[in-house]
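Before any comments, here is the structure.
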Amino acid sequence: MPTLPTTALIRAALPADETAWRQLWRGYCDFYKVKLSDEVSNRTWKRILDPDSAVMCIVAEVDGQVYGFANCVVHENTWETQPVCYLEDLFVIPSARGKGIGKALIEWLRNAMRAEGWARLYWMTREENNEAARGLYDQFAQADGFVRYVVRQPR
Ligand SMILES: CC(C)(COP(=O)(O)OP(=O)(O)OC[C@H]1O[C@@H](n2cnc3c(N)ncnc32)[C@H](O)[C@@H]1OP(=O)(O)O)[C@@H](O)C(=O)NCCC(=O)NCCS
């Protein structure tokens with residue numbers, strides 16, 4: 001990563017990004033201490049590349065190298081006539097943090113929201129999530145106080 005302030009190119013993920021994406025994805029899963037099966041990761045990557053899937057991914061590239069990604073799902077919403085965009089996963093490699101890449105990824109999505117006519121862009125985070133993530137998110141919106149409940153499939 002160049003040491004000078006650099007503007008990252010934010011763009012949709014392409015087939016050639018697979019190796020970089022998988023490396024970042026592993027870092028993201030490690031951050032959440034989650035072990036996803038290859039089947040899940042393979043399917044997620046496949047859907048990212050599938051134009052008919054609601055899953056999309058943007059990457060941040062500097063000098064030809066990918067340093068971060070955002071995975072999103074665009075979906076219908078009963079409170080809106082337009083679809084909404086859920087930012088599901090956001091990750092920047094540790095060595096490239098604090099240089100504006102996370103912010104550039106969310107800004108790109110905010111612009112896409114306007115261009116695509118999504119009613120909103122939203123995401124969730126753990127209340128105790130690190131200062132970096134909350135510090136970034138607070139620049140875009142105020143947390144709205146919703147609490148998440150999850151009912152899992154019995155195993
Ligand atoms: C959250 C994350 C994506 C931020 O990416 P980043 O590229 O480092 O963020 P940026 O450099 O764009 O930072 C933007 C803002 O965040 C805040 N911020 C960044 N690092 C910070 C830190 N260490 N402490 C406090 N605030 C911080 C600042 O307000 C900064 O704005 P400023 O540059 O105007 O001061 C990155 O830290 C990350 O991948 N973390 C691990 C995974 C994660 O937490 N994902 C989100 C899960 S919900």
Query raised in the report: Taking interchain pairs and intrachain pairs at least six residues apart, which have beta carbon atoms under 9 angstrom, with the first residue in the range 78-100 and over 16 Å from G117 (Cα atoms) and of a type in the set (V, I, T) and the second more than 8 Å from the ligand (Cβ to nearest atom) and at pLDDT below 95?
Result: I93/M1
Query raised in the report: Applying the selection to the range 80-112, what residues are surrounded by fewer than 19 Cβ atoms within 10 Å (Cβ to Cβ), touching a Lys or Arg at 6+ places or on another chain (Cβ under 9 Å) and over 15 Å from I10 (Cα atoms)?
Result: E80, Q82, V84
Report task. Assess whether F146 counts as being more than 8 Å from the ligand (Cβ to nearest atom), at pLDDT 95 or above and not in a helix (DSSP H, G or I). Result -> no
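How many of the residues making up the range 73-108 are out of contact with any Pro (no Cβ under 9 Å at 6 or more places or on another chain) and either among the polar types (S, T, N, Q) or near the ligand (Cβ under 10 Å from one of its atoms) (or both)?
Our first condition is that a residue be out of contact with any Pro (no Cβ under 9 Å at 6 or more places or on another chain); within the range 73-108, this holds for 73, 78-98, 101-108.
Retained after the next criterion (residues that are either among the polar types (S, T, N, Q) or near the ligand (Cβ under 10 Å from one of its atoms) (or both)): 78, 81-82, 87-98, 101-107.
Here the count works out to 22.
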**Report entry** Test for Q139: is it more than 24 Å from R22 (Cβ to Cβ), in a loop (DSSP other than H, G, I, E, B) and within 8 Å of the ligand (Cβ to nearest atom)
**Finding:** yes
Query raised in the report: So which pairs qualify, if the first residue must be in the range 22-33 and at negative phi and hydrophobic (A, V, I, L, M, F, W, C), the second must be in a loop (DSSP other than H, G, I, E, B) and near the ligand (Cβ under 10 Å from one of its atoms), the Cβ gap must be under 8 Å, and the two must be at least 6 apart or on different chains?
Result: L24/I93
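The values are calculated or read from the model by the stated rules, or taken from the named source; none is laboratory data. What you are looking at is a predicted structure, and each value in this text was computed from that prediction instead of being measured. Glycine gets a Cβ as well: all are built from the backbone with ideal geometry, and neighbour counts include every protein chain shown.
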